[in-house]
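Asks: Please find one structure pasted underneath; my questions will follow.
Throughout, read-outs are computed from the coordinates displayed, never taken from laboratory work. Note that this is a predicted model, so its numbers are computed, not measured. Cβ placement follows ideal geometry from the backbone for every residue including glycine, while neighbour counts extend to all protein chains displayed.
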């Protein structure tokens, strides 16, 4: 292998991001990326899996692509380029069929002996989902388990942020270039992942987020994880794609149950019916990992260190991370109102009726609860309980 | 010999007196028409000439000059036809000396010699009365509208022949006398037909009591429009002066539509495609726009974020001053536009937020939707209420709801308290108009309440800018309860209604 082989690989890898192209297979077919690079259009078309259009695309990609400067530019951005044959290429990613040709990494990769759990779910999650993701994320950090997710709004980002806040390590898998922060609202999380965790993308730097790239990145999320935990998912959602990938790859799928009436839980309920493992706390997830894998002796010790008997009886509401603030700090009216609040938005009118409070008492109570952080307001005058 | 009759011209909703002078002298048979005239006034020459001929009063073959004084104000409109004809007839000696004294003429002529009704007769009648003119001669179609002004004999005339015989004293015409209907009850929307929505009703009652601007947020079909339509019905009835003021605007706009007078609070609901000019007025003829037609009433903007930015931002000056000044190349005009703004919007593009089970919008879409209403505009809205879709159970609830008339009683009581409070302050009638200085004077808080407000505002993240809004609304709430001082409950309620959509 010559020294500049990596440049050809880099050129080839950065072709991804336009479409979902089986980069690996074509490279094998051609007998290496250097030879690919030097083929003309006619030769390209002769390769299996290369259409007229793709050959044009490859030829076009060759034009004006200065391999050396692009590659050094990528390194300068702090992105390392790891092709699949490199020793640094994560073992678990190599195991899956259709693994990426190469990955672009910012920050650090998890070591192969660190247990990883994917926490995935709806972007437009409910307060209940957000809270659950938050608790699971920080509790898993306590077990030194890596939280893998897609850095999306809602469940994904919440779980990852919580994990980082608890001092844990988290891995974000992007459907755009590793140097592109998407969604922009998660800029803080992105910056922290670069320092405290890792960011992986199979697409070249500068690739803009495209809807067609996201399903493909889901297979990397599941590839990295020992268990995929679904927090809230609609019937048709990206989360379900990740679950399918995980099952194909032989991973365990765990689900945090929701209410049967809630469309945000419809996907979860279906998974449970199909045999997914219900989990209600980080401890449940840990024991699932321990029972399925023998590869993590450290985790086994940690899990054994806690009193299992007690853990089993623990449900999320009583876990220490979420102990409700002293309800005794509430006035009788506030407590009465708190009782009729739900994890789903209820309008002020309804709450006022259900609590049986007069208008001024109700208004005072609801604003006091808001100030004290017991309720959150969605839209205008629609409230959900926080704890 | 120069003959001279009086008429009136319209500028905005103001009227100015015009002297129409006619002179017949020897010379070439020409009809000269001067006095800074718009094209429709210049066309009057042909109408008058032909109408006179068709009424068997042929113009003499002499040099005829007609002047509209003052000659430095531009004249527009078709109301000068009748005074021109009267002045010419006078100069021809067809009508006796002195028969046009102390009389104001206005009306359009048709070629047959018949008179047609014109727009803006009410401001002309009001101006005539102000100038001590005793008699008003108008086309018969305009007589009912003009007769609203008392202390003025209004004669409705059919055609030129009738005009001549009337002025000659050959025909006797009774002055128009039918008294106008003031204080008409509102029809249609009534709060008693609205089930549930306790907090919303409370919100609009407070808004009506202090003439605060309101924004209603809620999903489609929740009843926002219905509630908005109820608002004129809980506002006090128009006073006679207000009726005349509002009717003047409608008269100028040609929007009276055979009504003699506007006796109900106006309710204007322009469609969201309305242009800036449609909103403010202007355009050809410098007509009043929606905001002036909503004067003393309600301007309801349904689907508020869908309105063009320009149309919405043009509301800012009128909301502050209660008037709109339109400046165009022909000069500038000012129309009154003191209205209560009632806005309605969906919480998100699809309308279902925060019901996550039905809403399909992303967080960014929701945020952008809320941001379509600019900060400065929201700063002028004191009350924001959420309107929730009713459940079926509640929709078919047969229990009696409070009617608009009962709510109006409380609102009226609050209004009279405010009149008392602001009696020595010209231009201020309602709590919503209080300046920061007035707020200091009328909304003083005790130590305890002040601390409470500070703590709440801080906790809820209410900026200092909205502090005055909170106090204004709290003052209104206290007025509604007949309290002299603002209590803790008033502040709580005010804070609740003050929080704007999108600030959470």
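Asks: If a paramagnetic tag sat 7 Å from the Cα of residue B:316 along the Cα-Cβ line, which residues of the range B:367-381 would have the backbone N under 18 Å from that point?
Replies: B:371-381
Asks: Using only alpha carbon pairs under 8 Å that are at least six residues apart, calculate the relative contact order of chain A and give it in whole percent.
Replies: After rounding, I find 13 percent.
Asks: Once the mean 1/r over all distinct Cα pairs of chain B is inverted, what Kirkwood radius in angstroms do you read off?
Replies: This gives a value of 25.5 Å.
Asks: How compact is the protein assembly as shown by the rule of thumb for globular proteins, expressed as Cα Rg over 2.2 N^0.38 Å?
Replies: Details: Rg = 38.9 Å, N = 891, 2.2 N^0.38 = 29.1 Å.
For the protein assembly as shown, the normalised Cα radius of gyration is 1.34.
Asks: Need the C-alpha centroid separation for the range B:203-267 versus the range A:70-133, integer Å.
Replies: 62 Å
Asks: In whole Å, how far is the Cα centre of the range A:271-299 from that of the range B:352-415?
Replies: Rounded to whole Å, the Cα centres lie 46 Å apart.
Asks: Given 0.36 nm per residue, what is the gain on full extension from residue B:129 to residue B:306 after removing their alpha carbon distance, in nm?
Replies: Full extension from residue B:129 to residue B:306 adds 59.2 nm.
Asks: Note the angle between two axes, namely the Cα long axis of helix B:240-253 and the longest principal axis of the Cα atoms of chain B, as a number of degrees from 0 to 90, rounded to the nearest 10.
Replies: Approximately 70 degrees, to the nearest ten.
Asks: What is the angle, in °, between the Cα long axis of helix B:488-498 and the longest principal axis of the Cα atoms in chain B? Nearest 10 is fine, range 0 to 90.
Replies: 70 degrees
Asks: Turning to a different aspect of this structure: When the expected Rg is taken as 2.2 N^0.38 Å, what fraction or multiple of it is the alpha-carbon Rg of the range B:1-137?
Replies: In units of the globular-protein estimate, the range B:1-137 measures up at 0.98.
Asks: Taking Rh as the Kirkwood radius computed over C-alpha pairs, what is the Stokes-Einstein D of the range A:1-76 at 25 °C in a medium of viscosity 0.890 mPa s, expressed in µm² per second? Walk me through the numbers before you get to the answer.
Replies: Numbers: Rh = 12.7 Å.
My calculation gives 194 µm²/s for D.
Asks: Calculate I(q)/I(0) for the range A:327-385 by the Debye formula, one identical point scatterer on each C-alpha and no solvent, and give its log10 at q = 0.15, 0.27 Å⁻¹ to two decimals.
Replies: These q points yield log10 I(q)/I(0) values of -0.33, -1.18.
Asks: Hey, any idea what the orientation-averaged projected area of the convex hull of the range B:353-403's Cα atoms comes to, in nm²?
Replies: About 6.0 nm², averaged over all directions.
Asks: Using the number of other C-beta atoms within 10 angstrom as an exposure proxy, rank A:202, A:184 with the fewest first.
Replies: The order, fewest Cβ neighbours first, is A:184, A:202.
Asks: With a ≥ b ≥ c taken as the square roots of the eigenvalues of the C-alpha gyration tensor of the range B:191-409, please select rounded if a/c is under 1.5 and otherwise prolate if a/b is larger than b/c or oblate if it is not?
Replies: The shape class here is oblate.
Asks: Let me ask something additional. By counting other Cβ atoms within 10 Å of each Cβ, how are B:245, B:388, A:248 ranked from fewest to most?
Replies: The fewest-first ordering by Cβ neighbours comes to A:248, B:245, B:388.
Asks: Here's a follow-up. Measuring from a point 7 Å past the Cα of residue A:76 along Cα-to-C-beta, which residues in the range A:154-186 have an amide N at less than 19 Å?
Replies: Within reach of a label on residue A:76, which here means backbone N under 19 Å from a point 7 Å along Cα→Cβ, the range A:154-186 contributes A:178-180.
Asks: To the nearest 10 degrees, how steeply does helix A:187-196 sit against the main Cα axis of chain A, on a 0 to 90 scale?
Replies: 70 degrees
Asks: Neighbouring Cβ atoms within 10 Å as the yardstick, rank B:240, B:469, A:350 fewest first.
Replies: Ranked by crowding around the Cβ, least crowded first: B:240, A:350, B:469.
Asks: Can I ask one more? Defining a contact as two alpha carbons under 8 Å apart and six or more residues distant in sequence, what relative contact order in percent does the range B:375-488 show?
Replies: Relative contact order comes out at 32 percent.
Asks: While we're here: If each DSSP helix of 4+ residues adds -39,500 (n - 2.57) and the sum is divided by the residues in chain A, what number results at 222 nm, nearest 500 deg cm²/dmol?
Replies: Computed ellipticity for chain A at 222 nm equals -13500 deg cm²/dmol.
Asks: If I take all pairs of Cα atoms in chain A, what percentage of them are more than 40 Å from each other?
Replies: Numbers: 18664 of 74691 pairs.
Considering chain A, 25 percent of its Cα-Cα pairs are separated by more than 40 Å.
Asks: Before anything else, pin down the relative contact order of the range B:2-167: Cα pairs under 8 Å, at least 6 apart, normalised by residue count, whole percent.
Replies: This gives 24 percent for the range B:2-167.
Asks: Dividing the alpha-carbon radius of gyration of the range B:92-157 by 2.2 N^0.38 Å (N being the number of residues), what value is obtained?
Replies: Working it through for the range B:92-157, the quotient is 1.11.
Asks: Determine the shape class of the range B:231-313: with a ≥ b ≥ c the square roots of the Cα gyration tensor eigenvalues, call it rounded for a/c under 1.5, and otherwise prolate if a/b is greater than b/c, oblate otherwise. Write out the running numbers ahead of the final one.
Replies: Details: a/c = 2.56, a/b = 1.39, b/c = 1.85.
Taking the square roots of the gyration eigenvalues as a ≥ b ≥ c, the range B:231-313 is oblate.
Asks: So, in Å, what gap is there between the alpha-carbon centers of the range A:198-267 and the range A:149-164?
Replies: Comparing the Cα centres of the range A:198-267 and the range A:149-164, I get a distance of 12 Å.
Asks: Beyond 20 Å, what share of the Cα-Cα pairs of the range B:434-504 remains, rounded to the nearest whole percent? Write out the running numbers ahead of the final one.
Replies: Details: 529 of 2485 pairs.
Counting pairs separated by more than 20 Å, the tail of P(r) holds 21 percent.
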